[in-house]
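Only one structure is covered here, and it is reproduced in the block below.
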Amino acid sequence: MEHANRCVFCELCRTGAATGQHGPFWMMFDRHPVVPGHTLVIPKRHVMFLADFNDEERSTLTAALEHAVLDLRQHNLRRIYEEYWQNPVSPTAAWFARRALDHPSLHTKPAGYNYGLNEGDAAGQTVDHLHWHVIPRYAGDMPDPRGGVRHVIPGMGNYKLLPPPPEPVEVTADEGMEEDLRESRDMTPPRQ
């Protein structure tokens, strides 16, 4: 796990890469944008898990996400990505900057937004500093956007289209698994 003194986000924000801030959060354009305007909302404090948020971070998160949307609308995205193209942090970042510059919606107002958080390796987190993705969506950027963030699992995005039912799978439980099942059946559900 990265620590604050070696964290790429902590370093980028300390050295002026942030394009805005709101309370305990920085905003900056993702150096690997999936679409123009892809913004990151990053706690100023090095935090790795949502459960580690303090009261101020919890209470201002929604306002910070809203601020990020307002902030990205005020920037000249062409200028941002030209700068990223001319001074890339990596060859991969240069490729993404070029792709953003060539995007047909570069000068178009977003028609919606996806907000995403990847917490943990299984969820795809690649930087050990919790952060939110604010991803502008443009009319026509995909044939059928229904399902939104559900598209992170291939074939599961549009729940209106029912795939054929899966083939039954025979599952055999080992001794430890049977004990876990017995314990879970004995648990009383929490009170509402």
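Nothing in this text is a laboratory measurement; each read-out follows from the coordinates by a stated rule. Remember, it's a predicted structure, so these values are computed and weren't measured experimentally. Note that we place each Cβ from the backbone using ideal geometry, even for glycine, and neighbour counts take in every protein chain shown.
Search the structure for amide H atoms under 5 Å from the amide H of residue 131, placed 1.01 Å from N in the peptide plane, and list their residues when 5 or more places away or on another chain.
Here the answer is 118, since their amide H atoms fall under 5 Å of that of residue 131.
For the range 1-105, just the Cα set please: Rg and Dmax, both in angstrom.
Every Cα atom of the range 1-105 included, Rg and Dmax give 14.3, 41 Å.
I need 117, 65, 77 ordered by Cβ neighbour count within 10 Å, fewest first. Display every interim value, and only then the final one.
Numbers: 117 13, 65 18, 77 22.
Going from sparsest to densest Cβ surroundings: 117, 65, 77.
Once amide H atoms are built 1.01 Å from N in the peptide plane, which residues 5 or more positions from residue 137, or in another chain, come under 5 Å H to H?
Under 5 Å from the amide H of residue 137: 111, 112, 113, 114.
If each residue's Cβ is checked for other Cβ atoms within 10 Å, how do 115, 81, 138 rank with the fewest at the top? If you can, show how the numbers build up before the last one.
Values: 115 15, 81 23, 138 19.
Lowest count first: 115, 138, 81.
Using the count of nearby Cβ atoms within 10 Å as a rough guide to exposure, how do 132, 26 rank from fewest to most?
Fewest-to-most ranking of 132, 26: 132, 26.
If you take the beta carbon distance between residue 59 and residue 95 as r and set R0 to 41 Å, what does 1/(1 + (r/R0)^6) give as a FRET efficiency, to the nearest 0.05? Walk me through the numbers on the way to the answer.
Details: r = 38 Å, r/R0 = 0.93.
With R0 = 41 Å, the Cβ-Cβ based efficiency is 0.60.
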